[in-house]
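What follows is one structure encoded as structure tokens, with my remarks underneath.
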Amino acid sequence: MRHDDQVNIPTPRFRLPVLGDVLSVDAAKPTQRELRMAAELGPIFERKILGHRLVIVSGAELVAELNDESRFAKFLALPHRKLRALGGDGLFTAFNSEPNWAAAHRILMPGFSRDAMRRYHGVMTTVAAELVEHWTARPHSFVDVTADLNKLTLENMSRAGFGYSFDSFAGEGENEFVAAIVRVLGHVNRTSNDLPFMRIFRGGDRARNERDIAYVHGVVDDVIDARIAEGDVRHDDLLDLMLHTPDPETGELLDKVNIRHQVLTFLVAGNETTAGTLAFALYFLARHPGVAERVRAEADGFRTPSFEDIPKMRYTRSVVDETLRLWPSAPGYFRKARTDTSLASGKYPMKAGDWVFVLTLALHRDPVWGPDAEHFDPDRFSPQRARTRPAQAYRPFGTGMRGCIGRQFALHESVATLAELVRTFDFELDDRYRLDIGEALTLKPRNLRMKVRTR
């Protein structure tokens, strides 16, 4: 929302002349700060930074309205516009009006069909076994859980989608490709709320960011070129779809630059988000041994799970769902009004083009979740309890046509991997560890080190 005729929207305390709500800015952890503000100010509130206005919405009833595709659409806000330097007109960072978004979406949909997911299952099983071997070689030692899960999700996406391996478990330390992506995301996160005078201090940071983007683009271009050089060889994966499948509406193929943008979209979104989800899930299981035992008992019933077995692991799926509720990897999404409209039966008028930020971190703690919303409880996703809540109160993958196209890939990967890890290992947190959540557009636990003991 950009105009000033809005009424009755709470604002932070200590608003300053000219600077506005600058005291409410937390450049390192912006959405976690907004989560605390939502707890204080309610399901809708306004912030102003140097005249720029942002309305944050988290109430389930208001979000249900915002998710109405006939009235609202995805909005590409400043953080996502900054990310276009990396992902261009890929599925996540394309403007609604860009034709490549619709074309790529039509071309790629078969890549997430049931038959496609069945093919990916074998890759996920293999990569999970590699992580098990990697951790088995380190008995009773602390492992960097988040970093190793980043390796796993990168391998799953790159092998299943593009027939390429980064050999992530071949050496120690963070994969340089992942490290570059993390730095780019961190740069976007840090600079999206910059005050104008701060930009003069970021020259070195900008230069490093440009080098990282050039490096990542070069790696992906090499992957695409290698596939093109194979000629008529087919791999039946996402890259094949993009290189050889015409758009069913226009008959045109995607151009090479857009293919690069789509590959990067999947490598970034499919890597960072699922790695964070799995890391949070292992943290919760280490804190709740009773829940871990139930996951283990379920996993033990499927010693060598097939593709068809994964949906049967309903409790493990509930653990993943509850993890995504408390700490969704994507902490929010933006919506804009298609035409003049309002929220809450006219209480909050919006003009065409006005936009808001849906803070899923707070939406997932709305009163509809009950008085224990801060408590980790996978049973709240039992069929009986789920039926008592509005569907729009849970949106970890966004909403509408611009929601996450890889949702089923991420969920299947999460359940299959979590079951295998819990079946194989006991996890122990350092008693002194306190959950510290880093933000680089996505959320991940920081410095999460655990002892892994083979059962």
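The values are calculated or read from the model by the stated rules, or taken from the named source; none is laboratory data. What you see is a predicted model; the values in this text were computed from it and never measured. We place every Cβ from the backbone using ideal geometry, glycine too, and count neighbours over all the protein chains shown. Surface accessibility is based on the protein's heavy atoms, side chains included, excluding ligands, DNA and RNA. Shrake-Rupley method; radii C 1.70, N 1.55, O 1.52, S 1.80 Å.
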Can you list residues whose amide H is under 5 Å from D144's amide H, if they're 5+ apart or on another chain and H is modeled 1.01 Å from N? none
DSSP loop chymotrypsin sites (Phe, Trp or Tyr not before Pro) with at most 14 other Cβ within 10 Å excluded, longest remaining stretch of the chain: 96-455
With every protein chain left in place, what is the accessible area per residue of the chain in square angstrom, probe 1.4 Å? 43 Å²
Beyond 25 Å between alpha-carbons counts as too far, so tell me which of K48/K444; K82/K444; K351/K444; K151/K451; K48/K74 fall in that bin. K48/K444; K351/K444
How large is the helix-only mean residue ellipticity at 222 nm for the chain, computed as the sum of -39500 (n - 2.57) over DSSP H runs with n ≥ 4, divided by its residue count, in deg cm²/dmol to the nearest 500? -15000 deg cm²/dmol
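For D222, what charge total do you get from the other residues with a beta carbon under 14 Å from its beta carbon, if Lys and Arg give +1 and Asp and Glu give -1?
Net local charge, D222 excluded: -1.
Rounded to a whole number, what % of the accessible area of the chain do carbon and sulfur atoms account for, probe 1.4 Å?
Roughly 55 percent of what the probe reaches on the chain is carbon or sulfur.
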Net dipole in debye of the chain [+1 Lys, Arg Cβ; -1 Asp, Glu Cβ; about Cα centre; nearest 20]: 1300 debye
